[in-house]
Amino acid sequence: MATKVAKPPNLASADLYINRELAQLEFIRRVLEQAKRDDVPLLERLRFLCIVGTILDEFFEIRVSGLKQQEEVGATQRGPDNLSPTEQLKRIALHAHDMVDEQYRVLNDVLFPLLDAEGIRFPKRAHWNQAQEAWLRDFFHRELEPILTPIGLDPAHPFPRILNKNLTFIVTLEGKDAFGRKSGMAVVQAPRALPRVVRLPEDKADSPNAFVFLSSIIHAHVDELFPGMEAVGCYQFRVTRNSDLFVDEEAVDDLLIALEGELSSRRFGDAVRLELADDCPKHVGQFLADEFSVAEEDVYYCNGPVNLMRINTIPDLVDRPDLKYPGFTPSIPKRIQTAPDIFSAIKSGDILLHHPFHSFVPVLDFLRSAAEDPNVLSIRQTLYRTGTDSAAVKILLDAARRGKEVLVVIELRARFDEAANIELANHLQEAGAQVVYGIVGHKTHAKMILVIRREDGELRRYAHLGTGNYHARTARGYTDFGLLTADEDLAADVQRMFHQLTTMGRSGRLNKLVQSPFTLHETILRHIDVEIENATVGKPAGITAKMNQLIDPDVIKALYRASQAGVRIQLVVRGICSLKPGIEGVSENITVRSIIGRFLEHTRVFLFENGGDARIYLSSADWMGRNFFSRVETCFPIEAEENRLAVVEHGLEPYLRDNVQAWVLQADGSYGRAACGEDRHCAQEELLELLTR
């Protein structure tokens, strides 16, 4: 009898892919777990809880709103997981409601009691003493009442337009108003200029760190906003709106003007979520839900402040270093310290920087030296998320005023930074810099600087390429790699890319850089195919990659094929991962782990064994469709042996052995903590000890 041959698995099967939205919620849940960890300093735990609120806000503003739009127009296109928009929204609601409930449980039952034990207190209205009541009443009349505008609801005063994510109160009233009419309901919006937490004076509290929520102060004195009437109920709420800007880039003459027009609409987009105090009566909640046209599953009842992200100010207001992460001083590579100037240091060989363990100062010094050096003729830089107050921008402004040729490519469409980037573009143009906005239909996400300097009668190029943004504050909180180089081929590639961004002409074949949207996707797939071929003939084969997100189905299928061929694949994916590891016959040779810790893991590192001659790349791009096809990205090789070792020993290996901050992805799409045995390994702690001073 003939042996039955097993049918090869279908690599396009929906069972092999994790939905990206549910994977994002899993990431948010891992961040929430940081707020529960006893080994995380207390004020940092509070900060993690607030970060959860911030990420959830953006998730609803962009991802959920996008699904609702698809549902509304009856979209039928499905992703690799084969879930329709309606199915995704139902699953999101289940997970998100559970997460919000857990978020407030952690705040009320865990963090508040621990903070109280440390003298950091949030006295409730029922517990205010007479001195506190008097001081808060005076504060209300002095600081709040003059700028609060209560609006009674009647035919002449319809429900006001409520700003996106603004703290607002719905007030139920009894009695008659000044015109003898029966009162009903009113709305009070809290201006964003008001602090959401107010510190009590030390002589009015039993602790130097006692805070009262703005919502509690308004609630306690809301009666005084409605003279002659009685406020029988006051309930805070917050509405989250669709905040994804729509600009038909093919149909506008000036992208900056078009974006400026769209920004105002973001504040009043369609509602996608209603957060409401959990003591709000059902009929009032239904009134608000009807007003904002949200379904029951879009209403989230909150056992505490509806704007948790604003509590994020507490760690900065409280001077308790013992309850925060210990400080550290980033180091500067010795070659930079001993060189006569930054150009000499770079000319002697590529310099690899690993932030935040290495200082961001060398990057700023590179720019500053270029701005001040009379031999420098031109400075070109991309900016994605960089405010006008950043050190890099101030240096570029100075260089332009000095008469340097300064070209800045600003991505106006960096989500939620559009307004800041428009302001930045205007400042730079006023100083004399040339500003371009990238390519229509493709966000410029590449991180690169090019400096052209005259040396010995010839022009020499210096470049910086990075995985992260040019912002000194971000460089202390994100892990990123940067490369300072005078390599002629690499610097020439950077110049060609800038030329491409300004002229929109073809850059031609690049020497060493790989770029999106042209060659990166095919290059990654080709490298995976090489590993498959090498494994098939018994050569060394393996893939180790670290990134923020892994979603692209073509890359996932290629990784599945590589696993089937016996290629060992180790992935470190901080956030969304749509690949399922550990499935027999498909992905048993693939492991996926996520590191959640003090610093936001942001490096993109790709290592291909290549038969024993490893190829190592750093990149600004994740393995996502948008990064491959809808953005201008860079991916650059690391060639100097010293730097190759540093990328492996500092950028990959510590994360592969981490058993403290690591989460391991299971075949069913869930994550479990990495097993921590007798040998404790925490990648970020080890790198702080090894690389900082």
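Per atom type, the range 266-318 shows carbon and sulfur on 45% of its accessible surface, probed at 1.4 Å. For Lys165, the accessible area of its heavy atoms, probed at 1.4 Å with every protein chain present, is near 60 square angstrom. Which distance in Å, rounded to a whole number, links the C-alpha centroids of the range 449-471 and the range 22-85? Comparing the Cα centres of the range 449-471 and the range 22-85, I get a distance of 38 Å.
Residues Arg680, Arg273, Arg657 ordered from highest to lowest accessible area at a 1.4 Å probe: Arg680, Arg657, Arg273. Simple spin-label estimate for Phe328 and Lys282 gives 5.3 nm between the two label positions (7 Å along the Cα-to-Cβ direction from each Cα). One chain, two ends: Ser207 and Arg105. Fully extended at 0.36 nm per residue, the span grows by 34.3 nm beyond their Cα-Cα distance. In this calculation the C-beta distance from Ser344 to Asn129 is compared with R0 = 51 Å, giving a FRET efficiency of 0.15.
For the peptides 489-495, 635-641, the ranking by mean Cβ contacts within 10 Å, running from highest to lowest, is 489-495, 635-641. When both bridge partners sit in the range 472-614, DSSP labels roughly 25% of those beta bridges antiparallel.
Summing Lys and Arg as +1 and Asp and Glu as -1 over all other residues whose Cβ lies under 9 Å from the Cβ of Leu214 gives a net charge of +2. Ignoring any ligand, DNA or RNA, what whole percent of the accessible area of the range 545-630 comes from carbon and sulfur when the probe is 1.4 angstrom? Using a 1.4 Å probe with all protein chains present, the range 545-630 comes out at 40 percent carbon and sulfur. Label separation (Arg506 vs Arg199): 6.2 nm, computed from points 7 Å beyond Cα along the C-beta direction.
Using a simple spin-label model with pseudo-atoms 7 Å out from Cα toward Cβ, Glu685 and Arg615 lie 3.8 nm apart.
Accessible area of His219 (1.4 Å probe, protein heavy atoms only, ligands and nucleic acids ignored): about 50 Å². Here Glu224 and His157 are evaluated by their C-beta separation; at R0 = 22 Å the FRET efficiency comes out at 0.70. The accessible-area ordering, largest first, of the residues Thr479, Thr474 stands as Thr474, Thr479, per a 1.4 angstrom probe.
As a fraction of the 1.4 Å probe accessible area of the range 457-528, surface on carbon and sulfur atoms comes out at 46 percent.
About its Cα centre, the chain has a charge dipole of approximately 620 debye under the convention of +1 per Lys or Arg Cβ and -1 per Asp or Glu Cβ, with nothing else charged. For the set Glu455, Glu522, Glu87, solvent exposure ranked by accessible area (probe 1.4 Å, protein chains only) runs largest to smallest as Glu522, Glu87, Glu455.
Other residues within the sphere of radius under 14 Å centred on the Cβ of Val52, judged by their own Cβ, net out at -1 (K and R +1, D and E -1). Distance from the Cα centroid of the range 329-398 to that of the range 495-535 is 26 Å (rounded to whole angstrom). With a Förster radius of 25 Å applied to the beta-carbon distance between Glu405 and Val440, the computed FRET efficiency rounds to 0.55. In the chain, the DSSP beta bridges split such that about 70 percent are antiparallel, to the nearest 5. Surface calculation, 1.4 Å probe, protein heavy atoms: Val73 sits at approximately 120 Å² accessible.
Separation of the alpha carbons by more than 32 angstrom is noted, of Lys334/Lys447; Lys334/Lys404; Lys68/Lys394, for Lys68/Lys394.
Give the shape of the range 16-72 as rounded, prolate or oblate, defined through the alpha-carbon gyration tensor: a ≥ b ≥ c are the square roots of its eigenvalues, a/c under 1.5 means rounded, and otherwise the shape is prolate if a/b is larger than b/c and oblate if not. Verdict is oblate for the range 16-72.
For the chain, the per residue solvent-accessible surface stands at 43 Å², with DNA, RNA and ligands left out and a 1.4 Å probe. Most tightly packed first, judged by the mean number of other beta-carbon atoms within 10 Å of their residues, the peptides 274-283, 144-153 read 274-283, 144-153.
The values are calculated or read from the model by the stated rules, or taken from the named source; none is laboratory data. A quick note: this is a predicted structure, and the numbers were derived from the prediction, not measured. As a convention, Cβ positions derive from the backbone with ideal geometry for all residues, glycine included, and neighbour counts pool all protein chains shown. Ligands, DNA and RNA are excluded from the accessible area calculation, which covers all protein heavy atoms including side chains. Shrake-Rupley method; radii C 1.70, N 1.55, O 1.52, S 1.80 Å.
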